[in-house]
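Structure first, then comments.
The values are calculated or read from the model by the stated rules, or taken from the named source; none is laboratory data. Predicted model only: the values in this text are computed from it and were never measured. Cβ placement follows ideal geometry from the backbone for every residue including glycine, while neighbour counts extend to all protein chains displayed. Ligands, DNA and RNA are stripped out before the accessible areas are found, and what is left, the full protein with its side chains, is counted by its heavy atoms. Shrake-Rupley method; radii C 1.70, N 1.55, O 1.52, S 1.80 Å.
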Amino acid sequence: MGSVTVYGPPISTAVSRVLACLLEKDVDFKLVNVDMAKGQHKSPDYLKLQPFGQVPAFQDEHATLFESRAICRYICDKYANRGNQSLFGRNGGGPAERAQVEQWLEAESQSFNPPSSALVFQLAFAPRMGLAQDPAAIELNQAKLAKVLDVYERRLGESRFLAGDEFALADLAHLPNAHYICAAGKDDMFASRKNVARWWEEISTRPSWKKVVDMFSAPPA
Amino acid sequence: MGSVKVYGPAMSTAVSRVMACLLEKEMPFQLLPIHLPKAQHKSPDFLKLQPFGQVPAFQDGDGTTLFESRAICRYICDKFAGQGNRSLLGREGGGAADRARVDQWVEAEAHSFNPPSSALVFQLVFAPSMRLKQDPAAIRENEAKLRKVLGVYERRLAESRFLAGDEFSLADLCHLPNAHYIVSATDKAELLTSRKNVARWWEEISARPSWKKVLDMRGAPPA
């Protein structure tokens, strides 16, 4: 197996999404920090890896890739026989099973991610960057996220995980943003909804995610 | 076995994304309109198909029901792999790496191009037709964001004919709906047409027969 390198700080939600996937798949990797405070993500060398100047970037012996969810899909496809083999539906489940996971991964991407990302920035990152929080933005995005979680509550009343009975890439994709929101004390959004709370408890206690959270406090390489 | 069904109005950017993909794959389908002004998308029956109350919803002939246009497109490419355009998700036999090289640009469309371009399409095309007030600050902000994104595209399209490589792919296709409205129904066409490589790329992808067929199926532009 060739060497896998992930570029970016582990505390980044998008970087940690990829790390969680690699850990679920038992794929060894090297993590190379990108010092965003020093503008390293906008350096000409880094822009060759990631033309938008964002994190993460990913490299193995076959491909250089960007966008965390594309990287996750690639890891699941490329290393199909390693680690957790049901991240895209049951092995041998075919396009229909994969598509069930894909639609909830897109729901995370298009419905959950925008308001939760905004909240993560306001609640977790603005303070540590010394920026003032915006109460109107917090209120607006909490309201949007509440509507999304109401849909999840109904869905998770009929299904153990979002796409079905097995933990899948669609659930994994939610871990980073939800983690920061809960760590910032807004976990009532999740805790107050019975099925969402059950689901969050189950996915956030997976060993792979616990390892990623440990990496948040490790010193940069 | 029933036919493939797409639920939603053809005017919708997300619905037309799916239509374009089905046409590229030469997959016949039935378009079942959902009347948004009458809130048909919030009806209990429709919510069974699409729990977020958005369009499109999709139903395969074998009963598979899906939502989210990009997930539907990926499914169409996988399920109907052997027919129509066979390089939408990378070259045939190109494996996981080729597919990922396309997928990263589908994600770039979803996360970098779609938010500002959707906001502009709403402000400049749909808000007026729905008699809603436009928000000049939102227009300025999203235009600035879109300019930055298209700056990256301009550099990429200098080294590559299409976004993911030498072949038209799902990544290019995903851009068709929002870019079409911006170029043909707003005064912001120059965002794309003033950039040499983006303009070349837009010219080529918007001339594809599949996209022209989508526009035919739409009929007249919104009132």
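A compact table of results
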| quantity | calculated |
| --- | --- |
| For B:Ala119: the one exception among (1) at pLDDT 95 or above; (2) open to solvent by 80 Å² or more (accessible area, probe 1.4 Å); (3) not acidic (Asp, Glu) | (2) |
| Given (1) within 14 Å of another protein chain (Cβ to nearest Cβ); (2) closer than 23 Å to A:Gln59 by Cβ, number of the condition B:Asp166 does not satisfy | (1) |
| Segment A:3-25 residues that are polar (S, T, N, Q), paired with ones that are open to solvent by 20 Å² or more (accessible area, probe 1.4 Å) and in a strand (DSSP E or B) (beta carbon under 9 Å, 6 or more apart) | A:Ser3/A:Lys30; A:Ser3/A:Gln59; A:Thr5/A:Lys30; A:Thr5/A:Leu31; A:Thr5/A:Val32; A:Thr5/A:Gln59 |
| Search result, residues across segment A:156-212 that are in contact with a helix residue (DSSP H, G or I) (Cβ under 7 Å, 6 or more places away or on another chain), among the charged types (D, E, K, R) and farther than 27 Å from A:Pro127 by Cα | A:Asp171, A:Arg193 |
| B:Ser87 being within 29 Å of B:Val183 (Cα to Cα) and at the interface with chain A (Cβ under 9 Å from one of its Cβ atoms) | no |
| Counted residues, segment B:35-69 - those being small (Gly, Ala, Ser), within 9 Å of another protein chain (Cβ to nearest Cβ) and free of Cβ contacts under 8 Å to residues at least 12 places away in the same chain | 0 |
| Residue match in segment B:137-144 (condition: in contact with a helix residue (DSSP H, G or I) (Cβ under 9 Å, 6 or more places away or on another chain), loosely packed, with under 14 Cβ neighbours inside 10 Å, of a type in the set (Gly, Ala, Ser) and without any contact (Cβ under 8 Å) to a residue 60 or more places away in the chain) | yes |
| Residue list for segment B:164-223, filter: open to solvent by 50 Å² or more (accessible area, probe 1.4 Å), in contact (Cβ under 8 Å) with a residue 60 or more places away in the chain, of a type in the set (A, V, I, L, M) and not in a helix (DSSP H, G or I) | B:Ala223 |
| Residues being open to solvent by 20 Å² or more (accessible area, probe 1.4 Å) and in contact (Cβ under 8 Å) with a residue 24 or more places away in the chain - total across segment B:89-113 | 3 |
| Of the criteria (1) outside the structural domain of B:Arg156 (by TED's automatic domain parsing); (2) crowded, with 21+ Cβ neighbours inside 10 Å, which one B:Asn85 fails | (2) |
| A:Pro114 vs. criteria under 30 Å from A:Pro135 (Cα atoms) and either among the aromatic types (Phe, Trp, Tyr) or without any contact (Cβ under 8 Å) to a residue 40 or more places away in the chain (or both) | yes |
| Helices (runs of 4 or more DSSP H) contained entirely in segment A:38-137, each with at least 2 residues that are facing chain B (nearest Cβ under 9 Å) | A:68-78, A:94-107, A:113-120 |
| Residue in segment A:157-168 that is part of a helix (DSSP H, G or I) and open to solvent by less than 70 Å² (accessible area, probe 1.4 Å) present | no |
| Residue match in segment B:65-79 (condition: among the charged types (D, E, K, R), within 23 Å of B:Ser206 (Cα to Cα), under 19 Å from the mean Cα position of the chain (by Cα) and surrounded by fewer than 19 Cβ atoms within 10 Å (Cβ to Cβ)) | no |
